[in-house]
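Here's a structure for you.
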Amino acid sequence: MSRLELIHDLPSPARNRPADPSGPREVGGGAPRQNEAGAAIRHVAELMRQSRRLILLLMLACAALSCAYAVYKLNFSPVYRASAKVTAQPTDAELRYSQVYVRSSSLDSANVITRSHIEYLKSREIAERARLEVFGAAGAATEEPQIPPLLAFAKEAKQQVEAGLRWLNSGSAGAAAGDKDLVTEIQDAIELKMVESSFVMEISVAWEDPKIAAELANVLARVYRSRSREQVAATTGELTSFLETQKLATERRLSDLIDERNALRMASGVVEIETERRELLARLFAESAQRDADRRSLLAIQAQLRAFLPDRPLNRHDGLTQTTKEELNLARLREVELAAAVVESDKIVARLEQRIEALAKLETRFEGLNSEIDRTRVQLDDIDARLLEVRISEAESIETLRIVDLAKPPALPEEPKVVNRTVMGAVSGFLLAMMVVLSRDYMATRLRTQTDLSGVAGLRVLSPAALEATELTGAAASPAMAAAEEGMRPYLDWDALDTDDMVAVLDVSDPRRAEAVGRRVMQSYPYSDQVYTGLLRRAVRPGNMAPSAAVLITLGRDEVSASELRDYLDQLRALTRSLPVAVAFVDIRGRVG
């Protein structure tokens, strides 16, 4: 081990030094346990500081690649976006649905109805119709321009990656080259937005040709409007056909009932039942009155004959005068006539009553027919009213989608946005760098950060020591380093160094670092006139370690593992159990000769 006697050749700073604002880290003994989340954050932050060159390099590289590719694509294959604005008129069914189901919830009825139209516009059927109208049955309107090699390579790589992902997810790569058909490309190019709480939608299409983008946006609106008309026509056509069929059947039934009533009227010979009934009732009343009068007259004559000849047979005229005989004969003749008139009246009254009864039955049949005719006419009127409603609804539903603003070919491309792509590339580079840094840290077994040192029990962890490469050769620190010394020496703020006894500075692998740190200790603690430096693995051997008041272990990053450092510490404890031990990383600035 080498002994340093540099204390008298260096200026002596004041003994009262500013303390480290963050305070020294110490694990073990009575020190409080650190918060795990805070320790993890500090660990990652220190890893980022140590790997800042790698992170910055990857960020710049990814940002440069993204910027170059965006500029290349912007010049050779830009993407234009054209937008058409439409308004969706809700149908009666949609309004009824919103009134019954949506109004009772917290949802916006306009958004619900507009969302349904958006889903229809995204369907493959609409995209297929737009393809046929814009590109024709062949699938291409014009000959496609030659794709630049870089873009062709990027497209092929993207297709291969998608095929690989499909194979991993489903076990099949799908299409041989992963190509999308034109309909799927149109679906992917469509973007639909809606104005909140309204029925207004914006149909936008992104395409490499601005004219095709505008034409596709306008065609999508027209195709969807045509499809809505077809659906309305099909729905109302079926209902109209059904109602017209019902109307024809009802009209035929009404005609049959009217014919049956006319036939019954002709067969009965009755033109007006009420008039016929009044006439029959009048005749019945007259015949009944005449019959009753004849019957009373007959009874009166019979009473006179019985009173005139009470004891004689009716055929004996003995002792009567000629006049009496003549009167008697006339009375008998009148009796016979009245009896015959009463019998005839009874027959007439019976016939009249039979006719009245038949007329009542006929009237019942007429009333049934008339009621059925009235009901049939009411049904016919109801069918006519429903037909009118259907036609009105069809006329109102024809314009379900109205074009408010047609799309125009854009003058400037929308994609790629160079600034956005560059920022995304920088973010991707940062994420990639962090993945590399964290992966290396996860796989590492050696101590690299302050948090790693804090995991070794029984050690006081000091702040890292920043040294210039020239200090390893024994030269003094540069003026800039000397001027910043007050801010760089918190690692020396350890009370155990402030002693008149010997202090040992032991390095894990490089004795030059121990000597440089020893000089710093003698600068900061001029009362310590004895500082020994050397290698740790030699000092822990029996007989090599001189009695010391404190031991400061220095090491570089990624040099030893926690178990190796713990073994060294155990060997030091075995030599002197109460020996205070601290550890600090040494960071070298500049190239080491």
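Of the residues that sit in the stretch 380-407 and are in a helix (DSSP H, G or I) and open to solvent by 90 Å² or more (accessible area, probe 1.4 Å), which one is modelled with the highest pLDDT?
Top of the filtered list is Asp381.
Mind counting the residues in the stretch 245-270 that are in contact with a helix residue (DSSP H, G or I) (Cβ under 7 Å, 6 or more places away or on another chain) and either open to solvent by 80 Å² or more (accessible area, probe 1.4 Å) or part of a helix (DSSP H, G or I) (or both)?
Summing the residues that are in contact with a helix residue (DSSP H, G or I) (Cβ under 7 Å, 6 or more places away or on another chain) and either open to solvent by 80 Å² or more (accessible area, probe 1.4 Å) or part of a helix (DSSP H, G or I) (or both) in the stretch 245-270 gives 12.
For Ser563, all conditions in the list (1) within 60 Å of the chain's Cα centre (by Cα); (2) polar (S, T, N, Q); (3) within 14 Å of Val581 (Cβ to Cβ) hold save one; what is the number of the exception?
(3)
Hey, another quick one. For residues that are closer than 17 Å to Glu46 by Cβ and in contact with a Phe, Trp or Tyr (Cβ under 8 Å, 6 or more places away or on another chain), tally how many sit in the stretch 421-446.
Residues meeting the conditions: 0.
In addition: So for the stretch 523-530 (the condition being buried (at least 20 other Cβ atoms within 10 Å of the Cβ) and either hydrophobic (A, V, I, L, M, F, W, C) or under 60 Å from the mean Cα position of the chain (by Cα) (or both)), does at least one residue qualify?
The answer is no, given that none of the residues of the stretch 523-530 is buried (at least 20 other Cβ atoms within 10 Å of the Cβ) and either hydrophobic (A, V, I, L, M, F, W, C) or under 60 Å from the mean Cα position of the chain (by Cα) (or both).
If you check Glu238, Glu185, Glu191, which single one turns out to be part of a strand (DSSP E or B), modelled with pLDDT under 90 and of a type outside the set (Val, Ile, Thr)?
That would be Glu191, the only listed residue that is part of a strand (DSSP E or B), modelled with pLDDT under 90 and of a type outside the set (Val, Ile, Thr).
I'd like the full set of residues that are farther than 19 Å from Asp209 by Cα, modelled with pLDDT under 75 and open to solvent by less than 30 Å² (accessible area, probe 1.4 Å), limited to the stretch 107-143.
If the condition is that a residue be farther than 19 Å from Asp209 by Cα, modelled with pLDDT under 75 and open to solvent by less than 30 Å² (accessible area, probe 1.4 Å), then Ala110, Asn111, Ile113 are the ones that fit.
Which one of these is open to solvent by less than 80 Å² (accessible area, probe 1.4 Å) and either of a type in the set (D, E, K, R) or at pLDDT 85 or above (or both): Ala163, Ala214?
Ala214
This table checks each residue for (1) farther than 30 Å from Ala233 by Cα; (2) assigned to a helix (DSSP H, G or I); (3) not β-branched (Val, Ile, Thr).
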{"site": "Arg332", "(1), (2), (3)": "yes, yes, yes"}
{"site": "Glu335", "(1), (2), (3)": "yes, yes, yes"}
{"site": "Val343", "(1), (2), (3)": "yes, yes, no"}
{"site": "Asp346", "(1), (2), (3)": "yes, yes, yes"}
{"site": "Ala358", "(1), (2), (3)": "yes, yes, yes"}
{"site": "Glu363", "(1), (2), (3)": "yes, yes, yes"}
{"site": "Val378", "(1), (2), (3)": "no, yes, no"}
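Sticking with this one: Hey, does the stretch 60-68 have a residue that's surrounded by 10 or more Cβ atoms within 10 Å (Cβ to Cβ), modelled with pLDDT under 90 and out of contact with any Lys or Arg (no Cβ under 9 Å at 6 or more places or on another chain)?
No, there is no match, as no residue in the stretch 60-68 is surrounded by 10 or more Cβ atoms within 10 Å (Cβ to Cβ), modelled with pLDDT under 90 and out of contact with any Lys or Arg (no Cβ under 9 Å at 6 or more places or on another chain).
Also, quick follow-up: Of all residues being part of a strand (DSSP E or B) and of a type outside the set (A, V, I, L, M) in the stretch 427-475, which is surrounded by the fewest Cβ atoms within 10 Å (Cβ to Cβ)? Just the residue, please.
That would be Arg446.
Suppose we filter Arg96, Arg53 for residues that are modelled with pLDDT of 80 or more, open to solvent by 70 Å² or more (accessible area, probe 1.4 Å), in a helix (DSSP H, G or I) and of a type outside the set (A, V, I, L, M, F, W, C); which single one remains?
Arg53
Is there a residue in the stretch 21-38 that is at pLDDT below 85 and within 37 Å of the chain's Cα centre (by Cα)?
Yes, the stretch 21-38 contains at least one residue that is at pLDDT below 85 and within 37 Å of the chain's Cα centre (by Cα).
Can you find, within the stretch 483-502, the residue that is modelled with the highest pLDDT among those that are more than 18 Å from Ser463 (Cα to Cα) and of a type outside the set (S, T, N, Q)?
The qualifying residue modelled with the highest pLDDT is Met502.
Further question on the same structure: Scan the stretch 537-568 for residues that are touching a residue at least 60 places away in the same chain (Cβ under 8 Å), open to solvent by less than 10 Å² (accessible area, probe 1.4 Å) and out of contact with any Asp or Glu (no Cβ under 8 Å at 6 or more places or on another chain) and report the count.
So the count comes out to 4.
If you take the residues of the stretch 301-315 that are surrounded by 12 or more Cβ atoms within 10 Å (Cβ to Cβ) and part of a helix (DSSP H, G or I), which of them is modelled with the lowest pLDDT?
Here the answer is Phe308.
The values are calculated or read from the model by the stated rules, or taken from the named source; none is laboratory data. As the structure is a prediction and not an experimental result, all values here were calculated from the model. Neighbour counts are summed over all protein chains in view; Cβ atoms, including those assigned to glycine, are modelled from backbone coordinates with ideal geometry. We work out accessible area using only protein heavy atoms, side chains counted, and drop any ligands, DNA or RNA first. Shrake-Rupley method; radii C 1.70, N 1.55, O 1.52, S 1.80 Å.
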